[in-house]
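Every read-out reported here was derived from the displayed coordinates using simple, explicitly stated rules and does not represent laboratory data. Since this is a predicted model, take the numbers as computed values, not measurements. Neighbour counts are summed over all protein chains in view; Cβ atoms, including those assigned to glycine, are modelled from backbone coordinates with ideal geometry.
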Amino acid sequence: MAITRERKEELVAQYAELLQHATGFIVTEYRGMTMGDFNALRGKLRETGGAYVVTKNTLFSIALREADWPVPEEMLLGPVATAFADGNLPGLAKTLIDFRKDHEQHFVIKGGVMLGNLLSAADVEAISKLPTLDELRAQLAGLLVQPATGLVSVLNAATSDIVNVLHAYVQENSESGEAA
């Protein structure tokens, strides 16, 4: 069934909007997936700040060109759905890799684009092993807290040393005062 010119323009605008907020995207092939599988994957991707959209290849290519993104022509063949990352491409890639483990016969990761560079399926796999945005935040918080923890330990040790010296001084003076 042919879609109207207005609908095509709406789709190109929708893709352009997704690309405007995206830090990257991953192209997948979804032959034989059920609607339940689609919805489950969309829910998981939403948790990472991502979106999963069935894209019309020609219209998506137009949106990519208009937004000055590289067009992965060889990836845009067959039934394609695209996962868009809004700042957390490693988290998005991890979710897609995990989903693929349970749906290998219906779901293929073709590749993607990040920071203007085309990614192969192997590149997406490598990106999935990077820390997610939340993991990076936790690591950064740990790095910020670590010096403060060390400072507190040093201050506690210094305070303890002062108390020990004062205690020894008081004991020494009280013993010499008793002897006199």
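Value of Rg to Rh for the range 1-61, rounded to two decimals, is 0.98; Kirkwood radius and Rg both from alpha-carbon coordinates. Summed over qualifying helices (DSSP H, 4 residues or more, each -39500 (n - 2.57)) and divided by its residue number, the chain shows a 222 nm mean residue ellipticity of -20500 deg cm²/dmol. Each Lys and Arg Cβ is given +1 and each Asp and Glu Cβ -1; about its Cα centre, the chain then shows a dipole of about 1020 debye. With θ taken as phi - 60° and the Karplus curve 6.51 cos²θ - 1.76 cosθ + 1.60 applied, the whole-hertz 3J(HN,Hα) list for the range 3-11 is 9, 6, 4, 4, 5, 4, 5, 4, 5 Hz, x standing for glycine and proline. Under a no-solvent Debye model with one identical scatterer per Cα of the range 58-152, what's log10 I(q)/I(0) at q = 0.10, 0.15, 0.21, 0.23 Å⁻¹? Debye curve over Cα of the range 58-152, log10 I(q)/I(0) at q = 0.10, 0.15, 0.21, 0.23 Å⁻¹: -0.37, -0.68, -1.10, -1.23.
The convex hull of the Cα atoms of the chain, projected and averaged over all directions, covers 16.2 nm².
Would you mind calculating the relative contact order of the range 5-130 from Cα pairs under 8 angstrom and at least 6 residues apart, reporting the percent as a whole number? Answer for the range 5-130 is 37 percent. Charge tally for Gly111 (other residues, Cβ to Cβ under 12 Å; Lys, Arg +1; Asp, Glu -1): -4. For the pair Lys101 and Ala168, the difference between a 0.36 nm per residue extended length and the Cα-Cα distance amounts to 17.4 nm. Less than 5 angstrom separates the built amide H of Val80 from those of Thr55, all sequence-distant by 5 or more or on a different chain.
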